Structures are given as structure tokens and as C-alpha cells.
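Report on the structure given below.
The values are calculated or read from the model by the stated rules, or taken from the named source; none is laboratory data. As the structure is a prediction and not an experimental result, all values here were calculated from the model. Ideal geometry is used to build each Cβ from the backbone, glycine not excepted, and the neighbour counts take in all protein chains shown.
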Amino acid sequence: MQRGGDMRVGWIGLGKLGLPMARRVREAGFELDLFDLVTPPDTIIGGARVRHSLTEIGRSSDILITSLPDDAAFGAVIAEALPQMRVGSVLVDTSTISPQACDETRHLAGRIGYLAAPVSGSTDLAVRGELTLFCSGSESARRTTEPVLASFASRIFNVGERAEARYLKLALNHFIGTTTQVAAEALTLARRGGVAWPTLLDVLEQSAAASPFIRHKIAALRRRDFTPAFTIRQMLKDMTLIVEAGTRCGVNVGLAKVVVEAFRCQVEEGLANDDLFSALLSAERAAGLGEP
């Protein structure tokens, strides 16, 4: 195990991405404190110390990393943990939250360093330490935290000093969410026209339409496997953030609004906790198609 130096890292949020990311930090040799409202972390990461309150983990951390589901959860955590952090310590948030929440936190942080550092990638990439991270904040905070962030992110893009990382993550998720709905509609059209499912996927994989995201999904589509990597409910949350951010800064997000409604309908159909590509199932059912 590599030595992590004398920095003590606190980690709040042990979800699908947070847990393997925190494991990578510990495996890199950093002293690690954990706090999570749901998962008992003492049974998960060997050598990590469990903290029993946000106040406690805020006080103990040189670098405090959060991985949380939404603005509300992030705000609740920050309200308790941030006032306890020492001057010169750094708060790093890897969640997908709004630029507005990012700006508010930077204002509250004062002499605490703050990095907006949303991550992009699958659970498998998190396990391997190969996530992509978008980082905005002060240069000194970036330098302090880089060895820790490099334990779970193989690519780190420093994109600014304010909320730039938030806008970049939302922009990429706009591509992903919108692509999902387009793919569901397009694949259903081809099937309804009589194209065999294996042939359709063979052609798609070799076509100009096959982005890395689509190619990543091809194997699961062949198996008709909609085990959630990123759920419909999660993408609805992110697409809603995109609409709100665009509206606030004067960008026409009409297409994003259409995609939000599509995901909202799929939640109402009972697909909320399935993979976002289960949007295909919704489109097929509406077209009167069963399993291929």
C-alpha cells in the first residue's frame, strides 16, 4: 500500500460510486474516516475509522470528501460539517449538484478550501480508480488534494476557479440523458420496421452514431440487461438540474425540457430504479413491441 502522508481524509456518502472511491483512498495509504447515514461503514473498508456524527468528521478531516445524491442532502451535510472544519482544510464535493449550491458553499466556506469536483464514469471504473473528474476551485486546494483525488480518478480536468466543473458535468449529462431518449426512440423505430435486434445492434456498433457511451451499452443491450448502473430516477434529477441551470443563466434548454418529461413519464411507468436505458422498454411498449 502506498503511503498517503499525514493527511486524514474524511468521507461522507457510501453509495454506488462513493463506496469504491473511498476504498481507493484507503488503499492508497491515506488515513480515512467514514460517515454515512445508511450503510455501516465499519463493515466495509478495513482500516477506516467510523465517525458517528457530521460534527465529528468535520473536526477530524484535513480533506473532507462528499459523495451525495442531490442538493438537499449536500446542504444538510454542509450545514453541520463545514462549521467544524479547521482553517486550511479542504472540502471536496464529488456529487452532481447545481451550480447555485456550489456558489453558496464557496461563499460559506470562507478560509476553508472548497473544490467542486464532480466525477464521471461507471461503478466498474470507480472500482479500478479510473473515473474522470472535473475540478474547479483554488489552485492551492487543488494542489493539496491532488494525491487523494488521483487515487480514484485517472483523468483530472482543472476547468476554473468557481462553478465551471458543475456546468461541465451538467453539459455532459445533457448529452447522455438526451442520447438515451434518442436511442430508445430510434431503436424502436428500426425494430417496428422489421429490423432484427442482433442486426440492428451490429450496425449501430459500427456506425457514426456509436459514441463511446453507446458502445459501452451495446453488450448489455444484446443481453437485454437493464441492471441499473445509473437509474432513470437519477437521470431525471440531473436533467432537472440542467433545465434549472440553463433557465437561470439564460440558455434555451427546450430540448432538455422534453427529455425531462420523457424521464418523468418513465418514472411513472415504474422504471424509476432501472437503468436509464430502460427508456427503451418504455418506447417498445408504446409501439406494441415485446421482447425481440
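Out of region 72-122, which residues are within 26 Å of ARG23 (Cβ to Cβ) and of a type in the set (Asp, Glu)?
GLU80, ASP93
In region 159-202, what residues are outside any helix (DSSP H, G or I) and surrounded by 19 or more Cβ atoms within 10 Å (Cβ to Cβ)?
Within region 159-202, just ALA163 meets the criteria.
Would you point out the residue of region 92-133, among those that are of a type in the set (Ser, Thr, Tyr) and part of a loop (DSSP other than H, G, I, E, B), that is surrounded by the fewest Cβ atoms within 10 Å (Cβ to Cβ)?
Filtering first and then ranking leaves SER122.
Scan region 42-72 for residues that are in contact with a Leu (Cβ under 9 Å, 6 or more places away or on another chain), assigned to a helix (DSSP H, G or I) and surrounded by fewer than 20 Cβ atoms within 10 Å (Cβ to Cβ) and report the count.
2
Exactly one of these conditions fails for ILE218: (1) in contact (Cβ under 8 Å) with a residue 24 or more places away in the chain; (2) in contact with an Asp or Glu (Cβ under 9 Å, 6 or more places away or on another chain); (3) assigned to a helix (DSSP H, G or I); (4) surrounded by fewer than 16 Cβ atoms within 10 Å (Cβ to Cβ). Give me its number.
With respect to (1) in contact (Cβ under 8 Å) with a residue 24 or more places away in the chain; (2) in contact with an Asp or Glu (Cβ under 9 Å, 6 or more places away or on another chain); (3) assigned to a helix (DSSP H, G or I); (4) surrounded by fewer than 16 Cβ atoms within 10 Å (Cβ to Cβ), ILE218 is out only on (1).
Determine which single condition GLU130 fails, assuming it passes every other condition in (1) closer than 24 Å to ARG26 by Cβ; (2) at pLDDT below 95; (3) not basic (Lys, Arg).
(2)
Could you run through region 159-206 and say how many residues are of a type in the set (Asp, Glu) and over 26 Å from the mean Cα position of the chain (by Cα)?
Total satisfying the criteria: 1.
Pull up region 3-49, narrow it to residues that are at pLDDT below 90 and among the aliphatic types (A, V, I, L, M), then point me to the one that is farthest from the chain's Cα centre (by Cα).
This residue is MET7.
Would you point out the residue of region 135-158, among those that are touching a Leu at 6+ places or on another chain (Cβ under 8 Å) and crowded, with 22+ Cβ neighbours inside 10 Å, that is nearest to ILE63 (Cα to Cα)?
Taking the candidates together, the pick is THR145.
Looking only at region 221-248, count how many residues are free of Cβ contacts under 8 Å to residues at least 12 places away in the same chain and farther than 16 Å from ALA279 by Cα.
So the answer is 2.
So how many residues does region 225-258 have that are outside any loop (DSSP other than H, G, I, E, B) and within 18 Å of THR96 (Cα to Cα)?
Final tally of qualifying residues: 19.
Go through the residues of region 76-84 one by one and say whether even a single one is touching a Phe, Trp or Tyr at 6+ places or on another chain (Cβ under 9 Å) and part of a loop (DSSP other than H, G, I, E, B).
Checked region 76-84: no residue is touching a Phe, Trp or Tyr at 6+ places or on another chain (Cβ under 9 Å) and part of a loop (DSSP other than H, G, I, E, B).
Take the residues in region 78-91 that are among the β-branched types (Val, Ile, Thr) and crowded, with 23+ Cβ neighbours inside 10 Å; name whichever of them is nearest to the chain's Cα centre (by Cα).
ILE78
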